[in-house]
Structures are given as C-alpha cells and as structure tokens.
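**Q** My structure is below; once you've seen it, I'll send some questions.
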Amino acid sequence: MLGLYPTWFEPGISSGWVVAFIATIHVLFSHASVGSAMLFAWLARRSVTHNRPEYITFIRRYGLFLLIFSYVLGSVTGPGIWFSATIANPRGLSALIHTFVWVWATEWVFFLIEVIGVYLLVYLAGRVNTRTYLRLTAIFALASVATLLIIVGVLSFMLWPGSPQWAATGSVMHAFFGPNTLAQVFTRIFFMLMITGVVGGIIAGAIKDPTEKSVIGKALAAVGSVGAVGGALCFMWYVRTLPETAMLIIGTRLPVHFVDMMLAATLAALVYFALTAFVPSVLKRSVAAVMTLVLLVFGIAPEEMAREMIRKPWIAGQYVYGNQLIGRDIPALGVKSDLSLVAQKGVLATHPFIPDALRRPNEQNMAEAGRVLALTLCSNCHALGKRGMRPITRFIPATATVADVQSYLAAGLYRGHTAYMPAIPLPETDRRALATYLVQAARSDNPGRLALRGTQSSASKE
Ligand code: HEC
C-alpha cells in the first residue's frame, strides 16, 4: 500500500491557500519581532552614546505593543501554520520533522528567550542600570536573529537540500546549509528592518511631544531605509543563488506583476521613510497602519507565494511531491520512491483511503473514481472548480475527449514533462478514471459543485 493520508480538500480556496494565508500573516508578525529586536539593541546603545532617554521610553512602549502584535498573534498564527500544514501535507511536514527535529527544538529555546526578553525589556526599562539593560537588548536581539537563522535553514531545505550528499548521509548539516541559505538570511534581515521601520510608526505616531516624535521618527526612517535598500540588493543576490529549475519557473510561470508589486512596496516604503523623517506630521498611527498593510499585501504576500511556487513540484527536500507522493529514493532515511508502485498497481488499488467500491471502477462509478484520484493527486496544487488556485479545468479544453486526456496522462504527466509538475505514472485503469472525471469537469458549468457533491455522496456511502 501507499503511505498516503486522507486528503484535506477545501472547496473554492484549496488547502494550500489556507496555509499560505496564515503563513503570510505570520511572516509580518515574526519579521516585525526580529526587526524590532535589532532596532532595540541599536536604540538602547544610542540612548547612551547620544544621551537620549526617549529611546528607552520608546522601547518600552513599542515592546508592549509587540507583546500583542508579534508575540500573541505570532504565537497563534505560528501553530496555525503547523496545524494547517500538517493536514494539508502530512508527509511534507514529516519530512521536515524527521530531518530537523533537534534544530526546531533549538529554535523553541531561542523563542523562549525572546518571549522572556520582551517582557524584561518592557518591565525593566528605566528600572535597572544602563549596562544591564544594554545587555538585555543584546541578548534579545541575538536570540531573535538565532530563530531567523534556524527557520531560514529549514525554509531553504524545503526548496533544495543544502548539499547533494544529503540524500546519502541524511546529516542535518548537509540539509541545512544550502547555496541560498545565506542570501535568504540577509534578505530577510534587511526586510525585517524595513518592516520594523513601518510598524514602529504605529507607536511613534502617538507620541505627543514634537521633538521626541521627530527624534524617534528619524531613527525609524533611518533603520527602515537601510532595510529597504539592503533588502532589495540582497534579494537580487538571493535570486542569483536559485537553482536552474526555479529560474525556469520564475521566467515562465510566475505572474509578471509579482516583481512589480514587490518593487512598488519597497519604493512606497522608501517614500514613506523620507516623508516621516522630514515632515513629522506625516508620522501618524493611521498612516503607519496603512503602510503596514501595503507591505503585507504587496511585499510579503507575493514574496512568500513566489517562494512556494519555485519549489514546485516538490514540497520538501526535493523528494516529497506537492501531492505527497515520494518521487525519489532517499537512502539515508530509508525512504523509497512511490512511483514504481504507482506505475505497477495504480493509486486506486493501493491508497488506503479509497472506498472499496472504487478500487476496480466500472462504467457507472468511473467518473467518481477519477474524482477521488483528482482529489488525491491534483487538488493539492489545482482547484477542482473554475476559480481558486490554478483551476485544473482551465487546462482541459471543453472539446477534449476522454481519449485525448488519457493520452496526456500517459505521456506528459506520466513522466513529469515540466519543471513544475510531478511525474504521476498512472496505469491504464487509473488513467481512464481520471480522464473520465476531468472531461466531465471541463464540460460542467460548475465543476466545483461536481467535486463537492461527489465528496458528500461518497462520505455518506462510507
Ligand atoms: C505539485 C503541484 C502539482 C500537482 C500535484 C499537479 N499539478 Fe498540474 N500543474 C502544476 C503547475 C504549477 C502548473 C502550471 C500552471 C500555470 O500555468 O500556472 C500545472 C499545469 C497543469 C496542466 C497544464 C499543462 C501543463 O502541463 O503545463 C495540466 C493539464 C495539469 N497541470 C494537470 C494536472 C493533473 C491532472 C494533476 C493530477 C493528476 C496535476 N496536474 C497535479 C502543478 C501541479
């Protein structure tokens, strides 16, 4: 049998988009938090060297805001990623856990230091001697950056294992440090500073004293501008470290406006920083909040979606496909490719969660069996309705016959003919079932309902 789990099917939006939505918001919280930790260390030092106690007052206020913004909301969305990703792709997550369990445990230790650190910075501001306070900000910043380093190692493994040796050694070190790890670390560090420069404005905007407001506004603008310029430069470096297939996908499959959106968001941030530095009346809570939303929607969202896109067809480590089939042997982990079993016996016969009646489909339930195959093998990357994530019916002309689609499944899809689609070597029976369903869906006015109705009827049959 195949080691597949039941499929989480989210009609209309797709499970992948649920994960993406939670993750994108989480990136805002987590990046604001790490960026602020670096900002605090710098401000605390400057408060001594430039004799400006208002920096410490600002750290206390902003720290209190961060407690809710980054630490409460971040701690809700963080496990939200775990929960949603675990059901969207249990085998993908299992691949990460089996490789990085101790690395993640380490990250949680640093996270704990961060949480304690932010409380200490808020409650000890002005109550302990300067040296101790400076040390605390330094520890807070180092712990925060450590969480970033660790998570980026895991994220880059999802795109590409650190070194080709990893499949043979299974060593965490071979998995962790890839050609794009460092570039991604620096890109994120700089963009974190940019995000902090903007989010900090939500607090700085409320400062009553005009001189104090202007001093803080200038500091935020300086840090934010360094972040925006540095981030843009490092992003170019990062793109150059990407593997060839990722570049192919960027060139052929990524919406062109993604890059324009990210560029526009960065430019908008630079204009915002220039204005708030020189015209303090622009520094308002509302303006900073709107600017934060702009960064979320036009900067973070396309960047995270692009990162997800370029690792297709894999979800993790270049061996687990997006649809959870294992596409390659990993001797070090004792993991074997599923593809030969799929090619020999098919998915209908070997997937534990296929209803018995559909294992050997007849003319009556052929489309139903095909629908289950589409749910299992395609719905992770394709919406089955007309809208949502790259709807599958968009690629099947309404005039196509079952034989046409069957020959596509026997040729292109069988071998995985593109950089972005998995190889799905289905045998004859499975191909016929899937083609029957796909043709029906392509001709239906409302293929999403077709899938939904089927889901309910098969659930009640079981
Ligand atoms: C790992 C993700 C993934 C899975 C799983 C997947 N696809 Fe795709 N597929 C893609 C991507 C990405 C594209 C490119 C879409 C675009 O143009 O944006 C694509 C494109 C297609 C196309 C257009 C022709 C082509 O080859 O580019 C067809 C047809 C298609 N998929 C059918 C399927 C079927 C049928 C299944 C399930 C048996 C499936 N796909 C499973 C990612 C996937």
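The values are calculated or read from the model by the stated rules, or taken from the named source; none is laboratory data. The model shown is predicted, which means the values in this text are computed figures rather than measured ones. Don't worry about glycine lacking a Cβ; one is built from the backbone with ideal geometry, like all the others, and counts go over all protein chains shown. Each accessible area value is taken on the protein alone, full model and side chains, heavy atoms only, with ligands, DNA and RNA left out. Shrake-Rupley method; radii C 1.70, N 1.55, O 1.52, S 1.80 Å.
**Q** Tell me which of Met389, Leu339, Ala357 sits at the most positive position along the dipole axis of region 338-461, charges placed on C-beta atoms (Lys, Arg +1; Asp, Glu -1).
**A** Result: Met389, furthest along the dipole toward the positive end.
**Q** I've got another one for you. Starting from one equal scatterer on each C-alpha and no solvent at all, send me the Debye-based log10 I(q)/I(0) for region 338-461 at q = 0.10, 0.11, 0.16 Å⁻¹, two decimals.
**A** Those come out to -0.27, -0.33, -0.73, one per q.
**Q** Considering the options Phe176, Tyr55, Leu142, tell which one lies farthest towards the positive end of the dipole of region 15-321, charges being +1 on Lys and Arg and -1 on Asp and Glu at the Cβ, about the Cα centre.
**A** Tyr55
**Q** How much accessible area does Asp404 have with a 1.4 Å probe, in Å² rounded to the nearest 10?
**A** 80 Å²
**Q** Now for a different question. Please report, in whole Å, how far the alpha carbons of region 1-127 spread along each principal axis, starting with the longest.
**A** 69, 34, 20
**Q** Take each complete run of DSSP H in the chain, measure how far its Cα atoms stretch along the helix's own axis, and keep only those covering 15 Å or more with mean Kyte-Doolittle hydropathy at least 0.5; list them.
**A** For the chain, where a helix must reach 15 Å along its axis and average at least 0.5, the hits are 15-49, 73-88, 90-124, 130-159, 181-204, 210-240, 257-278, 366-377.
**Q** Using the Kirkwood formula over every pair of different C-alpha atoms, what hydrodynamic radius in Å results for the chain?
**A** Numbers: mean 1/r = 0.0416 Å⁻¹.
Result for the chain, one decimal place: 24.1 Å.
**Q** Right, next: Tell me, what is the FRET efficiency for Phe83 and Ala105 to the nearest 0.05, using R0 = 25 angstrom and their Cβ-Cβ distance as r?
**A** E between Phe83 and Ala105, to the nearest 0.05, is 0.85.
**Q** Lysine pairs in the chain with Cα distance under 27 Å, only those 8 or more apart or on different chains: how many are there?
**A** 10
**Q** If you don't mind, another one. Return the calculated 222 nm mean residue ellipticity for the chain, to the nearest 500 deg cm²/dmol, obtained by summing -39500 (n - 2.57) across DSSP H runs with n ≥ 4 and dividing by the residue count. Walk me through the intermediate numbers first.
**A** Details: 20 runs with 312 residues, N = 462.
Helix-only estimate at 222 nm: -22500 deg cm²/dmol.
**Q** Further question on the same structure: Express the accessible area of the chain per residue in Å², computed with a 1.4 Å probe while the remaining protein chains stay in the model.
**A** 45 Å²
**Q** For Ile315, enumerate residues with amide H under 5 Å from its amide H, sequence gap 5+ or separate chain, H modeled in the peptide plane.
**A** Counting only residues 5 or more places away or on other chains, the set is Val320, Tyr321, Gly322.
**Q** Hey, can you rank 249-262, 7-20, 147-160, 116-129 by average C-beta count inside 10 Å, highest first?
**A** Most protected by this proxy first, the peptides run 147-160, 7-20, 116-129, 249-262.
**Q** Within region 178-219, which trypsin sites (Lys or Arg not before Pro) sit in a loop by DSSP and count at most 14 neighbouring Cβ atoms inside 10 Å? Walk me through the intermediate numbers first.
**A** Details: sites: Arg188, Lys208, Lys213, Lys218; in loops: Lys208.
Those satisfying the criteria are Lys208.
**Q** Of Val115, Gly16, Val185, which is farthest towards the positive pole of region 15-321's charge dipole, taken about the Cα centre with +1 and -1 on the beta-carbons of Lys, Arg and Asp, Glu respectively?
**A** Final value for the positive-end residue is Val115.
**Q** Can you list the residues, at least 5 places off or on another chain, whose amide H is less than 5 Å from the amide H of Val335, using H built in the peptide plane?
**A** The answer is Ile330.
**Q** Ignoring ligands, DNA and RNA, what percent of the accessible area of the chain is carbon or sulfur (1.4 Å)?
**A** Accessible surface attributable to carbon and sulfur in the chain totals 67 percent.
**Q** Now for a different question. Just order 353-366, 287-300, 373-386 by mean Cβ neighbour count inside 10 Å, highest at the front, would you? Present the calculation step by step, with values, prior to reporting the outcome.
**A** Details: 353-366: 14.2, 287-300: 18.6, 373-386: 23.1.
In decreasing order of mean packing, 353-366, 287-300, 373-386 become 373-386, 287-300, 353-366.
**Q** With +1 on each Lys and Arg Cβ and -1 on each Asp and Glu Cβ, and nothing else charged, work out how big the dipole of the chain is about its Cα centre, in Debye to the nearest 20.
**A** With Lys and Arg at +1 and Asp and Glu at -1, about 680 debye.
**Q** Can you list the residues, at least 5 places off or on another chain, whose amide H is less than 5 Å from the amide H of Tyr420, using H built in the peptide plane?
**A** The answer is none.
**Q** Now for a separate question. With each label point set 7 Å from Cα along the Cα-Cβ vector, what nm distance links Val290 and Ala264?
**A** 1.5 nm
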